[in-house]
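First the structure, in the form of structure tokens, and then the observations on it.
What follows draws every value from the coordinates through simple rules; no lab data is involved. Keep in mind the model is a prediction, meaning the values are calculated, not measured. Glycine also receives a Cβ, built like all others from the backbone with ideal geometry; neighbour counts cover every protein chain displayed.
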Amino acid sequence: AGALLALPVVRGAVDAQLARWGAQARARPPGSHPADSGWRGVLITRSESRDLWLALRGVQFRLVGTVEAGTDGAVGVTYRFRVHKSWNFDRGESEYGIPFTPFARLHETGLAREFTAEGESGPLTARP
């Protein structure tokens with residue numbers, strides 16, 4: 001999960017969600033509020049990380065945590081970053097002119113296997 005959070009495209013999406021939670025918290029009475037972003041998709045490009053692009057290409061992430069709104073307007077968030085990828089061979093799709101359908105055939109004939117990758121960070125904190 002940490003390697004994904006280090007990618008600008010993922011970090012940007014996470015920071016945008018944290019900013020939304022911060023704005024929502026400032027519009028509510030002070031206190032502690034549960035927060036859940038729901039699953040959101042991010043596409044990893046070759047230029048961001050060749051290894052993660054080859055391994056995952058796109059992932060779903062979710063932030064789950066608690067937003068603390070203070071009486072002084074300060075907001076703090078404690079959250080976990082969860083990631084999920086159902087890796088499949090994307091029959092009918094292609095990347096850089098390379099069709100994925102022949103690779104999907106490997107799964108269909110038992111020479112390769114689709115899989116699910118999941119991960120979760122430890123507790124993280126932010127001050128949006």
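How high is the FRET efficiency between Arg127 and Val64 when r is their beta carbon distance and R₀ equals 22 Å, given to the nearest 0.05?
The formula returns an efficiency of 0.75 here.
Just to be sure I follow the definition: excluding the sites themselves, where is the longest run in the chain that has none of the chymotrypsin sites (Phe, Trp or Tyr not before Pro) in a DSSP loop with at most 15 other Cβ atoms within 10 Å? Can you show the working numbers first?
On the way: sites that count: Trp39, Tyr96.
Here the longest run is 40-95.
Within the chain, which is the longest segment that contains none of the GluC sites (Glu not before Pro) sitting in a DSSP loop with at most 16 other Cβ atoms within 10 Å?
No qualifying site falls inside 1-47, the longest such stretch.
So how tilted is helix 8-26 from the main axis of the chain? Cα-based, degrees 0 to 90, rounded to 10.
For 8-26 against the chain, the angle is about 30 degrees.
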